[in-house]
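Everything below concerns the one structure shown next.
The values are calculated or read from the model by the stated rules, or taken from the named source; none is laboratory data. Note that the structure is a prediction, hence the values are computed from the model and not measured. When we count neighbours, we look across all protein chains shown, and the Cβ atoms used for this are built from the backbone with ideal geometry, even at glycine. Each accessible area value is taken on the protein alone, full model and side chains, heavy atoms only, with ligands, DNA and RNA left out. Shrake-Rupley method; radii C 1.70, N 1.55, O 1.52, S 1.80 Å.
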Amino acid sequence: MLSFFILCLASVVIAQQPRPCTSPSQWEASVHSSNPKLDGDLVGQLSYDAIYQRTRILQHVKVGTTETYYDIITFYDAKLVFIVNMKNGECSRSTFDQPWSDFGIQSDATSLGEAYIGSSTIHDAGLFVTIWGGNQTIPLNETARYIQTWTFENCLPVSNILFEPSGNPNVFIPPARCWNDKKFPIQYNRFGPRMN
């Protein structure tokens with residue numbers, strides 16, 4: 001009888017393990033991104049289509065006192081991106097080599113729990129969300145930690161917070177044009193470079 005009880009208890013615990021949900025293949029959302037280091041903000045409208053592997057973002061970018069407006073349409077299967085400068089009407093087309101990545105909960109993500117945005121005590125006054133975290137590779141092949149929030153019902157994205165590495169050693173490498181014929185080998189240790 002005890003082994004039957006332990007088996008039932010284990011089944012209940014396993015059944016309660018959170019599993020990543022599947023996001024819709026097509027959706028639109030308002031987006032906001034901020035970078036305090038650059039005094040920059042991006043506000044826009046994102047259209048996402050996983051069926052044909054394409055995205056479109058109408059964005060307003062402000063860095064310091066400079067503001068720009070772009071319409072960016074990306075076709076991942078054709079490896080093409082069209083960028084329209086909405087201020088002057090100029091359009092550019094270029095190729096890129098970035099693979100398509102579904103905007104969904106990654107298979108290696110870890111569940112960080114569930115929560116209500118708003119109130120859980122008043123009917124229809126809250127949004128029940130599921131929270132996931134993990135690591136992803138960002139440009140320059142660095143690994144960054146992320147935390148994503150998704151609606152529990154329908155699995156729609158709510159937020160994506162990316163924690164970029166705080167110390168990028170590449171910022172301390174002088175540009176190639178600064179080196180003359182005599183290059184100095186640099187060894188890095190935990191406290192900074194040592195010249196040989």
Between residue 114 and residue 138, what is the FRET efficiency for a Förster distance of 25 Å, r being their Cβ-Cβ separation, to the nearest 0.05?
0.40
On the accessible surface of the range 22-103, probed at 1.4 Å, how many percent belong to carbon and sulfur atoms?
53
Residue 78 versus residue 125: modelled label distance in nm, points set 7 Å from Cα along the beta carbon direction
5.0
Rank these by accessible area, largest first, 1.4 Å probe: 32, 123, 60.
123, 32, 60
For the range 7-155, what's the relative contact order in percent, using C-alpha pairs closer than 8 Å and at least 6 residues apart?
15
Taking the Cα centre of the range 44-92 as origin and charging only Cβ (+1 Lys, Arg; -1 Asp, Glu), how large is the dipole, in debye to the nearest 20?
60
Scalar couplings 3J(HN,Hα) for the range 118-126 by Karplus 6.51 cos²θ - 1.76 cosθ + 1.60 (θ = phi - 60°), nearest whole Hz, x for Gly and Pro, are x, 10, 9, 9, 10, 4, 6, 10, x
Its Cα gyration tensor gives the range 104-169 an equivalent ellipsoid whose semi-axes in whole Å, largest first, are 29, 12, 9
At 1.4 Å probe size, put 146, 52 in order of accessible surface, largest to smallest.
52, 146
Search the structure for amide H atoms under 5 Å from the amide H of residue 31, placed 1.01 Å from N in the peptide plane, and list their residues when 5 or more places away or on another chain.
44, 45, 46
So who's got an amide H within less than 5 Å of the one on residue 152, skipping anything under 5 residues away but keeping other chains? H placed 1.01 Å off N, in plane.
128, 129, 130
Can you give the convex hull volume per residue for the Cα atoms of the range 22-103, as a whole number of Å³?
108
